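Worksheet: the structure to be examined is printed underneath.
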Amino acid sequence: EQAAMYQVVGSLRGGRRVWLLAKLPEEIIVAGQDHIDQYLLLSNSHDGSSAVTLMWTPIRVVCNNTLTAALSTTKGKFYSRHTVGAATRIDQARDFLGIGKVYF
């Protein structure tokens, strides 16, 4: 069985915003000919301007423009604010990861 592979890591604004993109081993084939890759994106800010975001996306994030496009999607996301209780959301994140196939 194949595993997800890290594709891209990046930072913006002097490291205040960072992301990691992993490509999933399976692709989706639409209408028998269009191949769509599946990615898992983890995004975080180190200045408190945004929550930790984990999401499914077909967008290969390589720069601020593609990061913005992926994050503008309203579905397939898990958020956790930078609070003391954030560690308790690990089980919720695990459940979120389990529904990836449903999202795609």
### Task
Please go through the stretch 39-71 and pick out each residue that is within 12 Å of the chain's Cα centre (by Cα), over 13 Å from A22 (Cα atoms) and either assigned to a strand (DSSP E or B) or basic (K, R) (or both).
N44, V52, T53
### Task
Give the residue, chosen from V62, V9, V30, V52, that is in contact (Cβ under 8 Å) with a residue 24 or more places away in the chain and more than 20 Å from D95 (Cα to Cα).
V62
### Query
Got a number for residues in the stretch 1-38 being outside any strand (DSSP E or B), open to solvent by less than 60 Å² (accessible area, probe 1.4 Å) and not hydrophobic (A, V, I, L, M, F, W, C)?
1
### Query
What residue, among those in the stretch 70-104 that are more than 18 Å from S11 (Cβ to Cβ) and modelled with pLDDT of 80 or more, is surrounded by the most Cβ atoms within 10 Å (Cβ to Cβ)?
T73
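The values are calculated or read from the model by the stated rules, or taken from the named source; none is laboratory data. The structure displayed is predicted, hence computed values, not measured ones. Cβ: placed from backbone, ideal geometry, glycine included. Neighbour counts: every protein chain shown. Remember, those area values only see protein heavy atoms, side chains included, never the ligands or the DNA or RNA. Shrake-Rupley method; radii C 1.70, N 1.55, O 1.52, S 1.80 Å.
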